[in-house]
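One structure below.
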Amino acid sequence: MSKISEFFKGYADAFTLNIREHKENMTQVLRLSVADLKKTYTGSALGWAWAVIKPVFTIFIYWFAVSIGLRSGNDIGEYPYILWLIAGIVPWFFMTECITGGTVCIRKYSYLVTKMKYPLTTIPTFTNLSSLYVHLVLVVISIIMFWVMGFAPTVYLVQLPIYTILMFLFFNAWSLFAGMVSAISKDFSNLIKSVNIGIFWLSGVIWNIESVADNKLLKVIMMLNPVTFICYGYRNCFVDHKWFFEEPVELGVFIAWYVVLAVMSLWAYKKLRKEIPDVL
Amino acid sequence: MKDTVIKFDNVTKKYKLYSSTRKRLLAIFFKGIKYKEKVAVDNMNFEIERGESVALFGKNGAGKSTVLKMITGVSFPTSGDITVKGRVSALLELKSGFDQEFTGRQNIYLKGHILGLSDSEIKALEETIIEYSELGDYIDQPVRTYSSGMKSRLGFAINVNIKPEILIVDEALSVGDNAFKQKCQKTVNEIIEKDNVTLLFVTHQTAVAEEFCKRGIVMKNGKIVFDGPVKEASQYYKTKYNPPKKK
Ligand SMILES: Nc1ncnc2c1ncn2[C@@H]1O[C@H](COP(=O)(O)OP(=O)(O)OP(=O)(O)O)[C@@H](O)[C@H]1O
Ligand SMILES: [Mg+2]
C-alpha cells in the first residue's frame with residue numbers, strides 16, 4: 001500500500017518540481033529562448049531571412065513535386081492545393097523542429113548541465129520557445145498569403161491559439177523525454193531522425209488523408225496520430241472551417257497521448273536526472 | 001561559533017560504467033543490463049567553515065573534481081548528504097563553462113543571470129569584469145575563438161567579481177600565465193579577507209595552492225588521507241606521491 005502511494009508521490013514531486021523550476025526561472029527561460037533564436041540565425045549566411053526562406057523553399061518543393069510532378073494536388077474544397085498545403089505544413093515545421101531538435105536540446109546545452117547549476121527541465125522549454133517564435137511569424141505570413149489570394153480570415157481562426165498551445169505543450173513533454181534519453185545515448189537521436197521522416201509521410205502533411213476516407217478503419221487510425229491531429233487542426237482553422245469541439249474523439253485521443261508523454265517525461269526525469277551530468 | 005558552509009555526511013559517489021552507449025540506452029528501459037561501478041568518492045566526511053580556504057590534493061583520478069562538482073550541485077551523490085550554504089560560483093575544469101557561440105560579453109550576462117543577478121547588477125560589474133580579464137577587443141568575439149588561457153581569464157574574472165559566497169576553482173589557473181596568476185591570487189586573498197568568501201581550490205602545483213590556501217586535504221582513491229594545514233598537506237602529498245627528483 002505504502003509502495004503505491006510512494007510511487008505516485010514520486011511522480012507528483014517530479015511534476016511540482018518541473019512547474020516550480022519553470023516558475024522561478026521564467027525570465028531566464030525567455031532570455032535563453034531569444035538567445036537561442038539569435039544563435040540559430042545569426043550563424044547562417046542569410047541570417048534572419050533564412051527563417052523564412054527555408055520554409056518557403058520547402059513548401060515550393062513539395063508543391064512542385066505534388067502539383068507538377070505527380071499531377072495531383074487538386075483544389076481542396078474551394079482552396080487551391082498550395083494554401084491547403086501551407087495550412088498543414090506550417091505547424092509541421094514546428095513539430096519536426098521539436099521532434100529532432102528537442103531530442104538533442106540537452107546535449108546542445110550540455111554546459112548548462114555540467115558546468116553550472118541550471119534547472120534541467122527548462123532546457124527543452126526555451127529551445128522550443130525559440131522555434132515557436134519562428135512558427136508564429138510563419139503563421140502571420142500564412143494568414144497574409146491567404147488574404148492576398150482572396151481568402152480573408154474566418155471566425156474559425158480564433159481557435160488557432162488553442163491548437164498552437166496544445167502543440168507546444170505536447171512537444172515540450174516530448175522534448176523533455178527525448179532530450180534526456182538522448183543525453184544518455186546518441187543512438188536515440190539517430191533513431192528519432194529516421195522515425196521523423198516516417199512520421200512526415202504518414203501524417204498527411206502533404207497529401208490529404210480524406211483520400212483514404214473510403215477505408216474507415218485506416219482513417220481512424222490516421223487520426224489517432226497526434227501530428228495529424230495538429231496539422232488538421234490548423235487546417236480546421238484555415239481551410240476546413242470546423243470547430244475543435246466538433247471532433248471530440250480526436251481531441252480526447254490527443255489529450256490521452258499528451259498524458260502518456262507527460263508521464264513518460266516525468267518517469268525519465270526521475271530515472272535519469274542524476275545520471276545525465278555524469279554522462280554528458 | 002562554528003559557521004559551517006559545506007558539510008559532507010558519508011558521501012559516496014559511484015559512476016556506472018557500461019561497455020557501450022547502446023547498453024547504457026538499453027539500461028534505461030530494461031533491468032539487468034550489466035555494468036561496472038567506479039567508486040569515485042568513498043564515504044567521505046568533512047566540514048568547511050565560512051572564510052576557510054581549502055586546497056584539494058590528489059593524483060589524477062583521486063576524486064577531486066567529483067567532490068567539487070557535487071558541491072556545485074551539478075553532480076549528485078549516490079548516497080549520503082551534502083549541505084551547502086551560500087551562493088556557489090564555480091570554475092569547473094574550464095574547457096567549456098561558456099556558450100561557445102556567444103561572445104565573452106554575452107557570456108558574462110548569461111552566467112550572471114543564471115547565478116540570479118539582475119541586468120542592472122550585471123551592468124554594474126560588466127566593465128570591472130572585462131577590465132579584469134584583460135581580453136580587450138576579444139570580449140566581443142565568440143568564445144570559441146579564445147585560447148584556453150583566455151577562457152580561463154574570462155571565467156576567473158566573472159567568478160571572482162560576481163560576489164560569490166563560495167568560490168570553487170578546479171585547475172582553472174594552470175593555463176593562466178604568471179602575471180595573471182599573481183593577480184588572481186591577490187584578488188582571491190582580498191575577497192577571502194574582506195567578504196569572508198570560502199574557497200575550494202584544486203591544482204597539481206602545490207606551490208600555487210600554498211599561496212592561495214590555509215588548509216589542505218589530500219585525497220586518495222576517493223578517501224581523505226590527510227586533512228590539516230596546507231603546508232603539511234602539500235608536504236604529505238609530495239613525499240607520498242611525487243618522490244623528490246634526484247639531482
Ligand atoms: N563522468 C564520469 N563517468 C565515469 N567515471 C568518471 C566520471 N568522472 C570521473 N570518473 C572517474 O572517477 C574518478 C575520479 O575522477 P575525478 O575527475 O574526480 O578525479 P580528479 O581527482 O579530479 O583527477 P584529475 O586530477 O585528473 O582532475 C576517476 O577514476 C574517473 O575515471
Ligand atoms: Mg579533476
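Read the figures in this text as sums done on the coordinates, not as results from a lab. No experiment lies behind these values; they were computed from the predicted model shown. FYI the Cβ positions are ideal-geometry reconstructions off the backbone, even for glycines, and counts take in every protein chain you see.
Quick notes on this one:
- Partners for B:LYS220 among aspartates and glutamates (Cα-Cα distance below 13 Å; same-chain residues under 8 apart left out): B:ASP42
- Volume per residue of the C-alpha convex hull in segment B:26-79, rounded to whole Å³: 123 Å³
- Given charges at beta-carbon only (K, R positive; D, E negative), |dipole| of chain A in Debye: 1040 debye
- GNM on chain A, alpha-carbon springs under 10 angstrom: the most fluctuating residue among A:LEU217, A:LEU17, A:LEU169 is A:LEU217.
- Shape of segment A:3-279, Cα gyration tensor, a/c cut at 1.5: prolate
- Angle of helix A:226-235 to the longest C-alpha principal axis of chain A, folded into 0 to 90 degrees and rounded to 10: 40°.
- Debye log10 I(q)/I(0) for chain B, one point scatterer per Cα, at q = 0.15, 0.16, 0.17 Å⁻¹: -1.10, -1.20, -1.29
- Take the Cα of B:SER148, step 7 Å toward its Cβ, do the same at A:PHE60, and the gap between the two points is 4.7 nm.
- Chain A: angle of helix A:81-96 to the longest principal axis, Cα-based, in degrees nearest 10: 10 degrees
- Span from the segment B:182-245 Cα centroid across to the segment A:187-240 one, whole angstrom: 62 Å
- Length gained on full extension, B:ASN45 to B:LYS2, computed as 0.36 nm times the residue gap minus the Cα-Cα distance: 13.8 nm.
- Subset of A:LYS186/A:LYS242; A:LYS193/B:LYS151; B:LYS34/B:LYS69 violating a 32 Å alpha-carbon distance limit: A:LYS186/A:LYS242; A:LYS193/B:LYS151
- Helical runs (DSSP H, four residues minimum) scored at -39500 (n - 2.57) apiece and divided by the length of chain A put the mean residue ellipticity at 222 nm at -23500 deg cm²/dmol.
- Comparing A:VAL259, A:VAL140, A:VAL205 in a Gaussian network model of chain A (Cα springs below 10 Å), the most mobile by mean-square fluctuation is A:VAL140.
- Tensor-based shape of segment B:1-148 (alpha-carbon gyration tensor, a/c under 1.5 rounded, otherwise prolate or oblate): oblate
- Rounded tilt (10° steps) of A:26-42 against the dominant C-alpha axis of chain A: 60 degrees
- Multiplying the residue separation of A:ILE221 and A:SER194 by 0.36 nm and removing their Cα-Cα distance gives an extension gain of 7.6 nm.
- Which listed pairs, of A:LYS39/B:LYS163; A:LYS271/B:LYS223; B:LYS23/B:LYS223; B:LYS14/B:LYS223, have C-alpha distances above 22 Å, in listed order: A:LYS39/B:LYS163; A:LYS271/B:LYS223; B:LYS23/B:LYS223
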